[in-house]
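Q: My structure is below; once you've seen it, I'll send some questions.
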Amino acid sequence: DDIATVKGTVAHRYIETLLEDSGKDITTAKKLHAEKYSERVEECIREKGAVMYLDEYRLERNSFLAALRPAVDSLLKFIEENALMVIGMEHTIDTVFPVIGAFTGSIDLLLADADGNLVIVDMKWNEGKTYNRRLESGKILQLALYKKALEEEGKTVSAVGYFVLPQRKFLTSDTYIKESDVVEFIEGEAIGDHFKMACNSYLYRMKQIKEGIIEDAEGMELANIQYHKDSIKQKLYPLETIYEDPSS
């Protein structure tokens with residue numbers, strides 16, 4: 001019943017099948033998208049988002065159909081303008097990190113330039129500025145773990161970011177990708193220290209658990225939370241704010 005999630009699922013499926021059926025060739029994908037958008041997107045809705053056919057979601061469905069088409073145009077333009085190749089959709093990661101242990105994940109869209117430098121794209125259907133704020137604050141742990149996992153395989157990751165489909169832009173803090181009408185550079189904290197911070201936080205919480213310490217921080221002021229007090233000194237990953245109150 002979360003229509004926003006349904007939109008994201010259908011959008012992902014549409015882009016996945018578009019790239020698959022075009023053999024990952026952007027010129028072919030553009031042609032398929034231009035000529036067969038309506039029938040292809042309806043198939044994806046039937047497969048992944050049939051709830052959108054309910055009368056109560058008719059307006060939502062119509063607005064989604066109108067927004068997805070130019071969003072995919074912008075995504076294909078982003079790939080083409082930066083001379084990138086599609087390596088895979090839903091690229092699976094299955095690795096074991098030091099300290100943290102087993103990690104599995106799936107990268108929405110993995111791209112590469114002619115030299116094999118990788119670009120990680122996490123696609124989102126979000127009509128607000130959530131992911132702009134995530135980049136500004138450096139709270140992009142998932143992207144950091146994807147990057148670390150690929151680097152553990154000996155690969156070079158030159159950029160990570162979010163392609164926010166309703167905004168029709170790739171949001172990134174990596175200057176490898178140049179700003180354009182489909183790319184927005186957002187100055188944020190460097191991603192390099194995220195994995196180390198995650199490891200520090202894992203060890204911190206494991207120590208608390210082994211000592212029988214359960215820190216209930218919900219509703220408390222940050223200044224009164226021990227984890228937050230120790231976060232700067234011990235370089236811990238920052239706590240999440242309350243969703244309804246980002247200032248908390």
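The values are calculated or read from the model by the stated rules, or taken from the named source; none is laboratory data. Because the structure is a prediction, the values reported are computed rather than measured. Here Cβ is always computed from backbone atoms with ideal geometry, including for glycine, and neighbour counts include all displayed protein chains. Each accessible area value is taken on the protein alone, full model and side chains, heavy atoms only, with ligands, DNA and RNA left out. Shrake-Rupley method; radii C 1.70, N 1.55, O 1.52, S 1.80 Å.
Q: From the phi of every residue in the range 201-212, what ³J(HN,Hα) in whole Hz does the Karplus formula 6.51 cos²θ - 1.76 cosθ + 1.60 yield, where θ is phi - 60° and glycine or proline is x?
A: 5, 4, 5, 4, 5, 5, 5, 4, 4, 5, 8, x
Q: Taking amide H atoms as placed 1.01 Å from N in the peptide plane, list the residues 5 or more away in sequence, or in a different chain, whose amide H sits under 5 Å from that of Tyr176.
A: For Tyr176, whose amide H was placed from the backbone, there are no distant partners under 5 Å.
Q: Give or take rounding to whole Å, what are the principal axis extents of the alpha carbon atoms in the range 152-234, in descending order?
A: 51, 35, 22
Q: Answer rounded, prolate or oblate for the range 1-130, using the Cα gyration tensor with square roots of eigenvalues a ≥ b ≥ c: rounded when a/c is under 1.5, else prolate when a/b is larger than b/c, else oblate.
A: It is oblate, given that a/c is not under 1.5 and a/b is not larger than b/c.
Q: Over 24 Å between Cα atoms: which of Lys124/Lys233; Lys48/Lys148; Lys129/Lys178 fall into that group? Write down the numbers at each step before the final one.
A: Numbers: Lys124/Lys233 34 Å; Lys48/Lys148 31 Å; Lys129/Lys178 21 Å.
The pairs that break the limit, which is 24 Å between Cα atoms, are Lys124/Lys233; Lys48/Lys148.
Q: Run the simple label-point estimate for Glu152 and Thr175 please: 7 Å along Cα→C-beta, distance reported in nm.
A: 3.0 nm
Q: Further question: Taking the Cα centre of the chain as origin and charging only Cβ (+1 Lys, Arg; -1 Asp, Glu), how large is the dipole, in debye to the nearest 20?
A: 280 debye
Q: With 10 Å bins from zero, work out the P(r) of the range 100-241 over every alpha carbon pair and list the percent per bin.
A: The distribution over the range 100-241 is 10, 36, 32, 18, 4, 0, given as percents.
Q: Let me ask you something else. Any chance you could get the radius of gyration and Dmax over the Cα atoms of the range 67-126, in Å?
A: 14.1, 43
Q: Shape call for the range 130-188 from the C-alpha gyration tensor, a ≥ b ≥ c root eigenvalues: rounded (a/c under 1.5), prolate (a/b greater than b/c) or oblate?
A: Working: a/c = 2.07, a/b = 1.54, b/c = 1.34.
Cα axes put the range 130-188 in the prolate bin.
Q: Using a/c under 1.5 as the rounded threshold, could you call the range 21-60 rounded, prolate or oblate? The axes a ≥ b ≥ c are square roots of the C-alpha gyration tensor eigenvalues, and prolate needs a/b larger than b/c, oblate otherwise. Show your work: numbers first, answer last.
A: Numbers: a/c = 3.99, a/b = 2.61, b/c = 1.53.
Prolate, since a/c reaches 1.5 and a/b exceeds b/c.
Q: Right, another one. Under 19 Å Cα to Cα from Lys24, which aspartates and glutamates show up? Leave out anything in the same chain fewer than 8 places away.
A: Glu16, Glu35, Asp73, Glu80, Glu81, Glu90, Asp108, Asp113, Asp115, Asp122
Q: For Ser137 and Ala66, FRET efficiency with R0 = 35 Å and r from the beta-carbon atoms, rounded to 0.05?
A: 0.65
Q: Kindly provide the helix-only [θ] at 222 nm of the chain, computed as the sum of -39,500 (n - 2.57) over DSSP H runs of four or more divided by all residues, to the nearest 500 deg cm²/dmol?
A: Calculated at 222 nm, the ellipticity per residue is -15000 deg cm²/dmol.
Q: Can you say what percent of the DSSP beta bridges in the chain, counting only those with both residues inside, are antiparallel? Round to 5.
A: Taking every DSSP beta bridge within the chain, about 70 percent pair in antiparallel fashion.
Q: Same structure, new question: Over the range 170-234, give the accessible area per residue in Å² for a 1.4 Å probe, as an integer.
A: Heavy-atom accessible area per residue stands at 68 Å².
Q: How are the C-alpha pair distances of the chain spread across 5 Å bins, as whole percents from the shortest bin up?
A: 1, 5, 12, 15, 16, 15, 13, 10, 7, 4, 2, 0, 0
Q: With every protein chain present, what is the per residue accessible area of the range 1-123 (1.4 Å probe, Å²)?
A: Computed with neighbouring chains in place, this is 48 Å² per residue.
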